[in-house]
Amino acid sequence: MKITDLALELGVSTYSIKQFIEDFDLELSECLYPNMEVKDDFLRFARENRKFLLKYEKDLTEEKTCSQIAEQINQPVEKVEALIRKQKPNLFENGMYKSSVSSYGIDHDLGGNYKFVYDYFGNKTPLSQRDFIGYRDLFFYITDMLNPFIDEQQAKDWGIYKPAGIILYGPKGSGKIFWARKIAEIINYEFREVKNSYLGTSFINGKKADFNDFLTAMMKEKKVLLFLEDFHKIAKDRSPNQNQITENEDTKDIILHSIHRFVNEDLLMVVAADNLLGMDSEVFAPGRFDVKIPVFPPNQDERAQMILRYLTHHLEEDAVLMKILEYNEADHKPFWTEYSSKMKLFSNTMVIDFTQSVKKRLRNHYLKVKTHQFKIEKSLLEHSLIEAATKLTDEYLNSVQQFIFEVSANDYDAFTKRIEKLKHELETYKVVEMPRRQIGFHHN
C-alpha cells in the first residue's frame, strides 16, 4: 500500500504522516520502502492508532501560541519557546504556529512518554542493513518533487507534469550519486551513468557517434534515468571574451536543445553540481533543469550512525572486528557520538575514510597482540580523525559556504535546521583575527 492510499484510508493528509515520522524520529527503513509503499509494522501502527493520528493532524494544522502549547503539554513556556526558536527560527517571531509545529512533537522532544509508538518498531533493522541513514527531511523533499512520477493522476487532475531534468547540488563527497540512484529506485527507472567518453565524438562498432546520437539512443529505451556528474563545469555561462565553442559548451547546447523531448520518451536526466554559481541561466528555464535538490553533508547524528554502519557493513557475526567492537561496546552508536561531534562539516566520503583508517589501525594492533580483547585507545581514533580531515581543505570549506548561500536562497524554509547547523559548524573553522596591539605606553 502506498502512503497516499494509507492517508486516504485514515482520513489524514500524507503531509501529516510524513511530519509524524519526522517529529517522532522514526527510521525510514522501518516505515517506508523507497517507492513510498508502507511497511507492515507502520501500517499496523497507523491502523491501530488512527484516532491518535487524527488528533496529531488536528493539532498540527491549528494556530497556537507558545503559551497554549506549554499549557497543553504541561511544560514551562520557556522550554517550549527555546525549542521552537532552535528548531524553527524563521517561525518563532510570528507568534502563532500552523502546519509546521506539532504540540506532540514538542512534547516528545521535551521528554514526553510515547512508548506506545515505539512498541511497534523497536529499531529492528541493524544500521549495517539499512538502505540509508537519517535524511528523512531530504527524502520527503525529494519524493514531493517526484510526485508526478509516483502519482500520474496529478497530470490529469492538476496539470502537474514530470520534470525533464533535476540538478543535485552540494559539496563534494556528500552523496549526490547515492541520491541519483535513490531517485531511480523511487520512480522505478533504470539508472545509467553518462561516462565522459560519451560526451565527445566516439566510435561504436566502427561507426562515428557523438553525444547527440547517444541521447537519441537513450530516448528509444524505456524508463531510463541518465546521471551526469560535474555539471557545474559543463553548464558554465559563456565568457563574453570567449570566441571558440568548447566541448563542454557543445555538450550543454545538445542537452538544452534535446531535453524538452525527454518527458514524452520516459527519460529523466539527473545532473550533479558542486554549486550553482556561474551557470548559464538557460539551464534553469522551465522544462529544463528547473528542479534543484540540495544534497547536504551529514549532521552529527547521521555521522555517528554512518561510522557504525561502515564499520560493520558486510561483517559476519564472528568477524574479528565485530568481536573487538563488542568488547569495547563500540557496536552501539553512543560510543561514536564524541567523534562524530568532532567531524564538523565532514562529507560522507570523509566519514568513510575515517572508518577505513580505523579498520586498518585496529587490524594492525590485533596482529601485534593476537587477541580481540584490547581497549580501543583514543590516540588510535584521533590519528584516524586527523587522517580523514585532510580533505577538509580551504577549497572544500569555501564550497560549503557557497552551498549554504545557495540552499538558503532556494529552500531555507524546507531545511532550516540543517542550514543553521551547517552555519554553526562552519563558524568553528573561521579564523578569528587577533586584535592588534597598540603602539605606545599604556597607563592603568
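The values are calculated or read from the model by the stated rules, or taken from the named source; none is laboratory data. What you see is a predicted model, and the numbers here were worked out from it, not measured in a lab. Cβ placement follows ideal geometry from the backbone for every residue including glycine, while neighbour counts extend to all protein chains displayed.
Some notes on this structure:
- When every residue of the stretch 94-105 is checked against the conditions, at least one turns out to be modelled with pLDDT of 80 or more and assigned to a loop (DSSP other than H, G, I, E, B).
- The helices (runs of 4 or more DSSP H) found wholly in the stretch 1-63 and carrying at least 2 residues that are more than 23 Å from the chain's Cα centre (by Cα) occupy 3-10, 40-48, 50-61.
- Members of the stretch 310-366 that are farther than 19 Å from Ile133 by Cβ, hydrophobic (A, V, I, L, M, F, W, C) and in contact (Cβ under 8 Å) with a residue 40 or more places away in the chain: Val320, Leu321, Ile324, Leu362
- Matching option when the condition is outside the structural domain of Gln87 (by TED's automatic domain parsing) and outside any helix (DSSP H, G or I), among Lys323, Lys344, Lys359: Lys344
- Considered as a group, the residues in the stretch 353-375 that are aliphatic (A, V, I, L, M) and either surrounded by fewer than 18 Cβ atoms within 10 Å (Cβ to Cβ) or touching a Lys or Arg at 6+ places or on another chain (Cβ under 8 Å) (or both) include one that is farthest from Ser399 (Cα to Cα), and that residue is Val369.
- Of all residues in the stretch 231-250 being under 30 Å from Glu190 (Cα atoms) and either in contact with a strand residue (DSSP E or B) (Cβ under 7 Å, 6 or more places away or on another chain) or at pLDDT below 90 (or both), the one that is surrounded by the most Cβ atoms within 10 Å (Cβ to Cβ): Phe231
- Qualifying residue in the stretch 30-44 (condition: at pLDDT 90 or above, among the aliphatic types (A, V, I, L, M), outside the structural domain of Arg418 (by TED's automatic domain parsing) and touching a Ser or Thr at 6+ places or on another chain (Cβ under 6 Å)): no
- Test result for Arg85, in contact (Cβ under 8 Å) with a residue 60 or more places away in the chain, assigned to a helix (DSSP H, G or I) and surrounded by fewer than 15 Cβ atoms within 10 Å (Cβ to Cβ): no
- Within the stretch 404-432, if we keep just the residues that are under 20 Å from Thr393 (Cβ atoms) and of a type in the set (A, V, I, L, M), the residue that is surrounded by the most Cβ atoms within 10 Å (Cβ to Cβ) turns out to be Leu422.
- Residue match in the stretch 276-287 (condition: out of contact with any Asp or Glu (no Cβ under 9 Å at 6 or more places or on another chain) and either outside the structural domain of Lys233 (by TED's automatic domain parsing) or within 25 Å of Ser29 (Cα to Cα) (or both)): no
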